[in-house]
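Notes for the one structure printed next.
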Amino acid sequence: MSSVRAYLYHHRIDALIIGGLALAALIIHLVPFMLYGQHPFGYDTGFYRRYLIEPVVSFPNAIVPGLGEDALVPRIILDMLRFLPLSVDVILYGSFIAFFVLLPGILYVYLKQPAGRLTGALAGIFVTLSSVQYAALSFMLWKNAWGLILLFVAFICLERRLLYAVVFLDIAIALSHKTTAVVYIMTLFALALSWRGRRKEIIMHIALTALAFAIPNHGEVVAAVRFAPQAIFIEWQEFLSASIPFLLLAPFALWQWRSLRMPATLIAFATVVVLYPIAHLPFYQRIFVFADLALAVFAAYGAALLLARMRHRPHTLAHYLYGTLLCIAIGLLAGNLWSEARRWEPPLSAERIERIEEIARLVPLDATILTTSDEAPWFQGWTHAHIAAPGLLHDMHDLEQWMALWTSTSTDKQIAFLHDFRKPLYISTGSSFEYLIGKPAPCLRAIAPDLLYFECAKK
């Protein structure tokens, strides 16, 4: 403890800055709970929650949708957190928010040595106030948030030549989050082109990361190359609108980048995450989370440069112009954050989630519940049943089969279609049953207004 106290004493300013950034990030990322109650996050919430409510049968525990073999490290983290005397929701939401609380401090450590305390602190502030990062919070991008922590710790270790730590991080990134791993590998390729003296070392990291990534993901990589799938997140117009505050400041850093002390990893990373969505590569929407971070860091360099010029030119026109520009950028940043917080609402209400918990007590543990695609993650995360929805989870029908059901008025076709699902089969939705399966056949017994039991004989 004495060594820790001595370290903190000699680095007390750094400790105060990191602590202040963490506190600000904690307050901002608790806002969804203040606005929307106990379950304020988005679509992926149920998939992660399902992992935590499943009985422990191994370590790491058995895979669930959203946490497969490719997410070995997140599964280990969640399994370790199970040992704490905390509720499932505290473990899930607490760990998620912790990543956002840690990130500003990690950025500060990353930038302090080459760029100074001011730039590092500004980067932490800008990321904390970013509406794109708040959107990532709202969407419940748990693996993405964890991947960002690993990514920037890896950049710190690469810059400081901590070889064994980077080897560990290569594997951890590859087995945590596919998008982060792809960004990391592409960043390493960019570094191999610029770091000639360390090219062999970087190629070794590329090979190790790619090998660890390919083992659980080789099939999905081939499919992504062939079909260029899309991700659910903000699109270009929304991203550019949210980025205006950073785009006001970043050009000052870009014009002076040769004279600024920028980490090589930052330049390589920024190049990758800007070009990737421009090329519309697979899942480019999720790359906006990374591109936003790069812009925030360049904006921090630009803001620090403007503040330095203001100190050297007091009471001049340039001084007031720079100050006005900084105020506009920070005002827009705060305004965008507040608009995003007010605009976002959870996909399901607290009352509907409570009802899903009640339905979980009405059906057997081994039952199948057919529901809508929008409600599927919530049934997945708040029941132990097998969940099926059009195109999701335990549904094996293609779009043509669902279209045939929706356009048919034959109860015989409906019954035959529903016989494809594992029994016992229940059907539940907070919206209209006709929207999901058409007009229910008479043999579908109503257990409650929002719950049907399938007891139809084959015809």
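Rule-based calculations on the coordinates, nothing more; no lab input. Computed from a prediction, not measured in an experiment: that's the story for all the values here. Cβ: placed from backbone, ideal geometry, glycine included. Neighbour counts: every protein chain shown.
What is the calculated FRET efficiency for VAL57 to LEU321, with r their C-beta to C-beta distance and R₀ = 56 Å, to the nearest 0.05?
0.30
Through the Karplus equation 6.51 cos²θ - 1.76 cosθ + 1.60, θ set to phi - 60°, convert the phi angles of region 159-167 into ³J(HN,Hα) values in whole Hz; use x for Gly and Pro.
Result, rounded to whole Hz: 5, 9, 6, 8, 4, 5, 5, 5, 4.
Assuming R0 = 25 Å, what is the FRET efficiency of MET204 and TRP257, from their Cβ-Cβ distance, to the nearest 0.05? Mind showing how you got there, number by number?
On the way: r = 28 Å, r/R0 = 1.14.
So, using R0 = 25 Å, E works out to roughly 0.30.
Rounded to the nearest 0.05, what FRET efficiency do ILE171 and ARG82 have when you use their Cβ-Cβ distance and R0 = 25 Å?
In this case the efficiency is close to 0.65.
For ALA308 and HIS384 in one chain, what is 0.36 nm times their gap in residues minus the Cα-Cα distance, to one decimal in nm?
Working it through step by step, the gained length comes to 21.5 nm.
If each of LYS439 and SER408 carries a label point 7 Å out from its Cα toward its Cβ, how far apart are those two points in nm?
That separation, rounded to one decimal, is 1.6 nm.
By residue number, which cysteines of the chain lack any other Cys whose Cβ falls under 4.7 Å from their Cβ?
Taking the Cβ cut-off of 4.7 Å, the unpaired cysteines of the chain are CYS157, CYS327.
Give me the extension gain from ARG422 to SER241: residue separation times 0.36 nm, minus the current Cα-Cα distance, reported in nm with one decimal. Mind dumping the intermediate values first?
Working: separation 181, 0.36 × 181 = 65.16 nm, distance 4.64 nm.
In short, 60.5 nm is gained.
Mean residue ellipticity at 222 nm from the helices of the chain, using -39,500 (n - 2.57) per DSSP H segment of n ≥ 4 over the full residue count, to the nearest 500 deg cm²/dmol?
-22000 deg cm²/dmol
Within region 115-147, list the residues whose amide N lies under 12 Å from a label point set 7 Å along Cα→Cβ of MET34.
Hits in region 115-147 for MET34 at 12 Å: none.
Straight-line reach from LYS458: which lysines have Cα under 30 Å away, leaving out those fewer than 8 places along the same chain?
LYS413, LYS423, LYS439
How big is the gap, in Å, between the Cα center of region 130-199 and the Cα center of region 82-123?
15 Å
Using a simple spin-label model with points 7 Å from Cα along the Cα→Cβ vector, what separation in nm is obtained for MET396 and ALA334?
Once both label points are built, they end up 5.8 nm from each other.
Amide H of ILE369 versus every other amide H placed in the peptide plane: which residues, excluding those fewer than 5 positions away on the same chain, fall under 5 Å?
Residues meeting the criterion, in which the H sits 1.01 Å from N, are HIS386, ILE387, ALA388, TYR426.
Please give every one of the lysines within straight-line cross-link reach of LYS143, meaning a C-alpha to C-alpha distance under 17 Å, and leave out same-chain neighbours fewer than 8 residues apart.
Cross-link targets: LYS178.
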